[in-house]
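Heads up: the structure comes next, in structure tokens.
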Amino acid sequence: MAPGPAVPAPLRPLFDRPGLAAAHLDRALRVSAATADFTDHFGLARDAAAGRPLPALLHPDDHPALLRAFTALRERSGFTLPVHVQRPDGRTRAARLTALHLPDGALVVLDAHDPAPPATDPTRVTPVEAQVLEGLAAGLSTVALGTRLHLSRGGVIYHLSNLQRKFHVHNRPALIAKAYAAGLLLVDSWPPAVLPNRIC
């Protein structure tokens with residue numbers, strides 16, 4: 001199905017991709033356009049999501065963190081947040097919501113795959129790795145991280161490479177998402193913080 005007229009022209013190719021659960025939000029966080037994969041997670045027809053506020057589609061417990069993250073989005077390029085998708089029958093499902101700032105609102109992508117079984121030995125990080133993760137999640141660049149941690153650019157890249165290997169990911173956004181999904185980064189904390197019991 002072709003994207004509807006509410007999809008901004010630059011986003012149309014994204015909305016044509018099968019398997020992508022994405023939606024365009026206006027500045028009031030109302031869904032202006034969504035892919036079928038996005039609305040399927042909520043048990044809605046594709047056109048039924050238009051005009052609905054995003055928080056109304058998620059569990060009420062997620063609203064405070066979601067609203068804080070969207071308020072901060074005006075000053076950042078994006079964020080990833082664990083949320084709970086709410087279906088019409090009352091069932092909920094854990095998911096990750098990634099939002100990217102756009103001039104006319106936001107693009108959100110929902111990842112609601114079935115969670116992996118909890119690991120018996122949760123991933124732990126060193127104190128420096130924890131600081132690198134916190135800085136990454138706060139949106140700091142490699143240079144800014146190096147300045148903050150008194151490391152060279154190469155030192156920051158070394159710790160990033162170790163973290164990417166440890167979490168089996170290939171880029172920074174995936175690393176941040178995996179750290180949130182693994183419960184390593186606190187959900188309701190700004191600036192981002194690693195749980196103290198996950199630092200070795």
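Each value in this text was obtained by applying a stated rule to the coordinates, not by laboratory testing. Note that the structure is predicted; figures quoted are calculated from it, not measured. With ideal geometry, Cβ positions are generated from the backbone for all residues, glycine too; neighbour counts draw on all protein chains shown.
Only bridges with both residues in the chain count here: give the DSSP antiparallel percent, nearest 5.
Working: 26 of 27 bridges.
Expressed as a percentage, antiparallel bridges in the chain total about 95.
Across the stretch 154-164, rounded Karplus estimates of 3J(HN,Hα) from the backbone phi angles (6.51 cos²θ - 1.76 cosθ + 1.60, θ = phi - 60°) give x, x, 5, 5, 4, 5, 4, 4, 4, 5, 5 Hz, Gly and Pro being marked x. With each label modelled as a point 7 angstrom along the Cα→C-beta vector, the Ser77-Ala94 pair spans 2.9 nm. Relative to the Cα centre, the charge distribution of the chain, modelled as +1 at Lys and Arg Cβ and -1 at Asp and Glu Cβ, gives a dipole magnitude of about 400 debye.
Taking a ≥ b ≥ c as the square roots of the eigenvalues of the Cα gyration tensor, an a/c ratio of 1.5 or more together with a/b no larger than b/c marks the stretch 9-111 as oblate. When +1 charges are put on Lys and Arg Cβ atoms and -1 charges on Asp and Glu Cβ atoms, the dipole computed for the stretch 9-111 relative to its Cα centre reaches about 120 debye.
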